[in-house]
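Only one structure is covered here, and it is reproduced in the block below.
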Amino acid sequence: MIDGTAGRLCSVLSDRIRIPWMMGGARRIDFPALLPFVLLPILAYLATLGRLWTIITFVAIPIILQILRKRVFLKKQANFYPTFTIANFLYAGLVRYLIVKVSYLVSISLYLSP
């Protein structure tokens with residue numbers, strides 16, 4: 001996957017982070033599968049800081065994806081892009097739920113309160 005210290009770090013991370021599973025014990029999570037769930041909230045937070053940060057983030061996303069494809073996932077067939085798509089849909093659904101549903105409930109409670 002990656003050579004040197006970064007490769008050992010990725011190996012240790014993927015070995016340490018496991019999900020309990022009913023059949024067959026705990027399952028390992030590969031580093032490429034975990035990366036979108038860390039990378040997307042960070043980039044979304046940076047995009048909310050202002051107009052300039054939004055432009056920087058939208059320019060940086062394709063660059064980051066190309067660097068990851070060329071450097072990190074060159075030797076191994078990675079599930080990064082399907083995981084990236086799933087993480088995008090999950091975060092979009094979470095944001096929609098938090099913005100629409102929770103704000104609606106708060107506005108109703110403010111309307112009903114004396």
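Taken together, the values in this text are just the output of simple stated rules run on the coordinates, not laboratory data. Since the structure is predicted, the reported quantities are computational estimates derived from the model, not experimental observations. A quick note on method: Cβ atoms are made from the backbone with ideal geometry, for glycine too, and the neighbour counts reach across all protein chains shown.
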Handout entry: Cut-off 17 Å (backbone N to label point 7 Å along Cα→Cβ of residue 86), residues of the range 40-63
Key = 40-41
Exercise for the section: Among 54, 99, 37, flag the residue with its Cα farthest along the positive direction of the charge dipole of the range 34-112, charges on Cβ as +1 for Lys/Arg and -1 for Asp/Glu. Expected result: 37
Handout entry: FRET efficiency, residue 18 to residue 58 (Cβ-Cβ, R0 30 Å, nearest 0.05)
Key = 0.30
Handout entry: For the range 34-112, Kirkwood radius (reciprocal of mean inverse C-alpha pair distance, Å)
Key = 14.6 Å
Problem - Two-site label geometry, residue 9 and residue 103: point separation in nm, points 7 Å out along Cα→Cβ - result: 3.8 nm
